[in-house]
1. Out of everything in region 34-49 that is farther than 11 Å from A6 by Cβ and surrounded by fewer than 18 Cβ atoms within 10 Å (Cβ to Cβ), what residue ends up being farthest from the chain's Cα centre (by Cα)?
2. Could you list all residues from region 470-506 that are open to solvent by 40 Å² or more (accessible area, probe 1.4 Å) and part of a helix (DSSP H, G or I)?
3. For region 509-522, indicate whether the set of residues that are out of contact with any Pro (no Cβ under 8 Å at 6 or more places or on another chain), in a loop (DSSP other than H, G, I, E, B) and farther than 30 Å from V590 by Cα is non-empty.
4. Out of everything in region 421-451 that is in contact with a Ser or Thr (Cβ under 9 Å, 6 or more places away or on another chain) and of a type outside the set (D, E, K, R), what residue ends up being surrounded by the most Cβ atoms within 10 Å (Cβ to Cβ)?
5. Just checking, how many residues over region 482-515 are farther than 24 Å from G534 by Cα and without any contact (Cβ under 8 Å) to a residue 24 or more places away in the chain?
6. Considering every residue within region 694-703, establish whether at least one is open to solvent by less than 40 Å² (accessible area, probe 1.4 Å), assigned to a helix (DSSP H, G or I) and modelled with pLDDT under 85.
7. Of A93, A6, which residue is crowded, with 21+ Cβ neighbours inside 10 Å and either modelled with pLDDT of 85 or more or closer than 29 Å to A142 by Cβ (or both)?
Amino acid sequence: MPHDAADVRIEGMTCASCVARVEKALKAVPGVVSATVNLATEQAHVQRLRGAAGAAALMAAVQKAGYTAHVVTADQPPPAAAASHDGWKVALAALLSLPLVVPMVGDLFGRHWMLSPFVQWLLATPVQFWLGARFYRAGWKALRAGSGNMDLLVALGTSAAYGLSLWLWWAADGAMAHLYFESAAVVITLVLLGKWLEARAKRQTTDAIRALQALRPETARVRRDGIDLEVPVAELAVGDIVVVRPGERFPADGVVEDGRSHADESMLTGEPAGGQATGRPHHRRRAECRRAVARAYAGHRRRIDAGAHRADGRIGAGRQGADPAPGRPVSAVFVPVVVGIALVTLLAWGGLTGDWSTGVLNAVAVLVIACPCALGTATPAAIMVGTGAAARRGILIKDAQALELAHAVRVVAFDKTGTLTEGKPQLAAAEPVPGRGLDRDRLVALAAALQSGSEHPLAAAVIAVAPAPLPSASEVRALPGRGIAGRVDGRELQLGSTRLMDELGLSREALHDRAQALQAEGRTVSWLAGRHDGEARQLLGLFAFGDTLKPGAAAAIATLKSLGLRTLMISGDNAGSANAVGRALGIDDVRAEVLPGDKAAVVASLREGATKVAMVGDGINDAPALAAADVGMAMAGEQGGTDAAMQAAGITLMRGDPALVAQAIDISRRTTAKIRQNLFWAFFYNVVGIPLAAFGLLNPVVAGAAMAMSSVSVLTNALLLKRWEPKA
């Protein structure tokens, strides 16, 4: 039976366990064929039998699972993510917890700064039940769904420490008892910090679609009965005359009825001086880019979620190409195991020794040592320090997943224009025909004078190198699709394409071989012809234009190769130009004449076989490919469309320097190594500490100190990343 799709926006998800529950609820709806949930974009993509599983049924299933759902249309960009306001909660929790921690430090030096039980309770209670309320809510949802998550373990561990403190305070009957309020408050503070850092990274993932949506013109200027009217683009009809002024975007496709101008299509095609745009409206092509980015996030980013290393850890991450179910969260195994160990500890001590108080104390020690503050901050701490170190070097990492995935990249694909080259045509050659009485400077001066009033990029390239002062030009007129004509110093001149020379009946034999050689190098060739009054028209010379390589581009490619990476260039330019650039830079593979809409397909083909691919680009036309790659790197620059590319990519290179690509991969490798080290130490404390606590060899005081030490070791190790320096 035929299928259709629906996108559902989900609110209230906090971790990978939530993703699994929402997917399970959606798949249970009759008529649903498949459902994939993206935690980063907070959206579910549902495939269903046509006519079955209506929107109401989907939303009801999600709401029954404990979340809020809204059905969105396929072309509607996700709403702007609300800026996280939880930073003040983290700061307040830290301020309330600090006085509880200071006495622990004093004990190490023989100082007794312990606060009274009432003051400890007064400081810890708002942290536990107000600032930490989110853990109780999320833990309760997990319990109702018959599963566990890290939020549940935080709630259990901190509640046990808080409850034991209340009992010991009451049992002391006025005497000074050792309480554990500080353990509960510090754990909640540190995990809140990790959650806040995670939320900051997640907010960025939907910006790409909104950036592309913002580029679409909302209104068009229509000329009706001689009057220009502003109307919504949706109200345009076939046959309308649309007026587009200099500097404005084209709101629709059409045929030029009157006037002439230069249209910069570089942000759509990737090339600064292309041919005419026909057959597709500019706004429709932007919409196609936008939809392609949305599809990439709905599909490919889903696979990233399945394979990426998460702050809560994963076991058996899903393989590429398989059913897109996520890897099993560590929390789904770790939480029930820890709770089970604590329960067994309580029953064993109470049943075998009859000392239920000791049993409770040892069970609490198990929960306290197992509290995941180090585990919860292992990844966010390394990511925070790594992204800060990268930012100081001009590498802006706004997607933590990109940072974690870049270390595994094996192929780096580059856009050509504006990424490896300057993106501006320059005069590569100016050669006069021998025997015409012109040298190079005079030839350039004549062409520059003829084009002095033009804003065309090729004209700017000639004017930029022309000797001053320029002779004056008159009777200048455009020759649509062919070139320009006019008079300079009493000489009639025509400057333009090969087609124009053929129309003038001029032979190009004198420079034919040179022109062929330049065109083989990917240069664009123009010709200058002219005559004095009463003389026959003659070919005067040729001009060749080409883009120039960025300084350091070849060295950047060599560095990537030294790291064991394969390099590839994807360009919409002709094969001659693209291959010439590829040879000059030493790129392994060149894909030329690739249409803007096909770049993402090329990237997808490179990813076959689970190969991790990074894409580097700078324009709107690169946005789908940036989103489809495992790691998108947008290179900042002056060309239009850069903002959309920056939003589509997880990493932005703030300078137009290709060397930053290798540096981004290097900092990713360093950060990933720190994450693995941190997770080792976080689990090491649990593996060693939990058995000690269960056998009564680790009381809650020592357990709390060990838990704090695990956090200190993790944070200290992460801070070593601040010393990262790019390799020379």
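1. Step one: of region 34-49, the residues farther than 11 Å from A6 by Cβ are 34, 36-42, 49.
Okay, now just the ones that are also surrounded by fewer than 18 Cβ atoms within 10 Å (Cβ to Cβ), so 34, 49.
Numbers: S34: 26, L49: 33 Å.
Applying the filter and picking the extreme gives L49.
2. Of everything in region 470-506, those that are open to solvent by 40 Å² or more (accessible area, probe 1.4 Å) and part of a helix (DSSP H, G or I) turn out to be T498, R499, D502, E503.
3. Step one: of region 509-522, the residues out of contact with any Pro (no Cβ under 8 Å at 6 or more places or on another chain) are 509, 511-522.
Now restrict to residues that are in a loop (DSSP other than H, G, I, E, B): 521-522.
Subset that is farther than 30 Å from V590 by Cα: none.
Looking through region 509-522, none of the residues is out of contact with any Pro (no Cβ under 8 Å at 6 or more places or on another chain), in a loop (DSSP other than H, G, I, E, B) and farther than 30 Å from V590 by Cα.
4. Within region 421-451, the subset in contact with a Ser or Thr (Cβ under 9 Å, 6 or more places away or on another chain) is 421-426, 428, 447, 449.
Right, trim to of a type outside the set (D, E, K, R) and you get 421, 423, 425-426, 428, 447, 449.
Working: T421: 24, G423: 24, P425: 24, Q426: 17, A428: 18, A447: 26, A449: 24.
Selected residue: A447.
5. 4
6. Pass one, region 694-703, residues open to solvent by less than 40 Å² (accessible area, probe 1.4 Å): 694, 696, 698, 700, 703.
After this cut, where a residue has to be assigned to a helix (DSSP H, G or I) as well, the list is 694, 700, 703.
Still in the list and also modelled with pLDDT under 85: 700, 703.
Among the residues of region 694-703, at least one is open to solvent by less than 40 Å² (accessible area, probe 1.4 Å), assigned to a helix (DSSP H, G or I) and modelled with pLDDT under 85, which makes the answer yes.
7. On the way: A6 fails: crowded, with 21+ Cβ neighbours inside 10 Å.
Sole residue among the options that is crowded, with 21+ Cβ neighbours inside 10 Å and either modelled with pLDDT of 85 or more or closer than 29 Å to A142 by Cβ (or both): A93.
So that you can scan it fast, the table gives a plain yes or no per residue for (1) open to solvent by less than 40 Å² (accessible area, probe 1.4 Å); (2) modelled with pLDDT of 95 or more; (3) of a type in the set (A, V, I, L, M, F, W, C):
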residue: V525; (1), (2), (3): yes, no, yes
residue: A536; (1), (2), (3): no, no, yes
residue: F545; (1), (2), (3): yes, no, yes
residue: P551; (1), (2), (3): no, no, no
residue: T567; (1), (2), (3): yes, yes, no
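The values are calculated or read from the model by the stated rules, or taken from the named source; none is laboratory data. Computed from a predicted model, the values in this text were never measured in an experiment. Here the Cβ is made from the backbone with ideal geometry for all residues, glycine too, and neighbour counts use every protein chain on show. Protein only, heavy atoms only, side chains kept; ligands, DNA and RNA dropped before computing areas. Shrake-Rupley method; radii C 1.70, N 1.55, O 1.52, S 1.80 Å.
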